[in-house]
Amino acid sequence: MSKYIIDTGDYLFTTDGVLVVGFDCDNKPATFYNSLDNLEELNSDYINEHYGSLQDEAYQAGLNDAWEAARKIALMDTETSENVTGYFGLFRIMENLTAMQAIAKLKAYEDGKHSDRIEVGDEVDWDGDCFIVTKIFQPRNMKEQCDGIDDDGSVYHDILMEDLKKTGKHYDIQSILEAMRE
C-alpha cells in the first residue's frame, strides 16, 4: 500500500476532508471525497514510529561526515586550513562555519586538489613567487603558457605552465575579466 502526503491548504472547499482526483474502476477520471478522520496525520510521532531507523541512520551518517571533516581540517597545517576555510585556526573555523559549510569547503578543496589542471583564477607558485592566473594560452609549436598578476599588481607574462604549482587558492576573476570586456 502506498502512502501519500496531502496538503489540506486553503484551496480545498472543506476543512474536514480532501477531494482526490483519480480514476474509477473503468479507468475514467473521477473525484472522491475522503474525510480527514479516515486519514492518518503525518506528524513526528508517525515519522518516528514508521521511519525511526532511517532517521537514526541519517543522523549517524551526518555525525560521521562532520567528524571526518573536523579530523581532516584539524590535521592540516595552519596555512592550508586557512586557505580551505578562510579562517585561521580550528577554533575560528568552528566558531564561524557550520558543519555543512566546513564540509562543502573541504569538498571543494579536495576536488580542486585532485585536479592538477590549472585554471584562470587559480593562485600558483612560480619558484617562490605567487600570482593569480589571468590567461592561459599555447603559442604555435610551443608549450602551454599563462599570464597573471600578483597581490601588489606585478604582471607575469609567458610563464610556462609546467613550471607552476597550484597553492589551493582560487579566485573568481573570470566574471571580472568578462565584465571588463563588455
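Tabulated data for the structure shown
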read-out: Filtered residues of segment 141-182 (kept if exposed (fewer than 10 other Cβ atoms within 10 Å of the Cβ) and part of a helix (DSSP H, G or I)); value: E162, S175, E178, A179, M180, R181
read-out: Residue in segment 122-131 that is acidic (D, E), more than 30 Å from S81 (Cβ to Cβ), in a strand (DSSP E or B) and without any contact (Cβ under 8 Å) to a residue 40 or more places away in the chain present; value: no
read-out: Candidates A108, A74, A102, filtered to the one that is loosely packed, with under 15 Cβ neighbours inside 10 Å, more than 25 Å from D151 (Cα to Cα) and of a type in the set (G, A, S); value: A74
read-out: Evaluation of N48 against (1) surrounded by fewer than 13 Cβ atoms within 10 Å (Cβ to Cβ); (2) in contact (Cβ under 8 Å) with a residue 12 or more places away in the chain; (3) of a type outside the set (D, E) (one fails), failing number; value: (2)
read-out: Residues of segment 121-140 classified as surrounded by 14 or more Cβ atoms within 10 Å (Cβ to Cβ) and over 11 Å from M161 (Cα atoms), total; value: 7
read-out: Tally, over segment 80-93, of residues that are in contact (Cβ under 8 Å) with a residue 12 or more places away in the chain and either surrounded by fewer than 17 Cβ atoms within 10 Å (Cβ to Cβ) or of a type in the set (F, W, Y) (or both); value: 3
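The rows are residues; the columns are (1) farther than 30 Å from K169 by Cα; (2) at pLDDT 80 or above; (3) touching a Gly at 6+ places or on another chain (Cβ under 8 Å).
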residue: A30; (1), (2), (3): yes, no, yes
residue: N34; (1), (2), (3): yes, no, yes
residue: L39; (1), (2), (3): yes, no, no
residue: N43; (1), (2), (3): yes, yes, no
residue: D56; (1), (2), (3): yes, yes, no
residue: Q60; (1), (2), (3): yes, yes, no
residue: W67; (1), (2), (3): no, yes, no
residue: G86; (1), (2), (3): no, yes, no
residue: F91; (1), (2), (3): no, yes, no
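The values are calculated or read from the model by the stated rules, or taken from the named source; none is laboratory data. Owing to the predicted nature of the structure, the values given are computational and were not obtained by experimental measurement. Cβ coordinates were reconstructed from backbone atoms using ideal geometry, including for glycine residues, and neighbour counts include every protein chain displayed.
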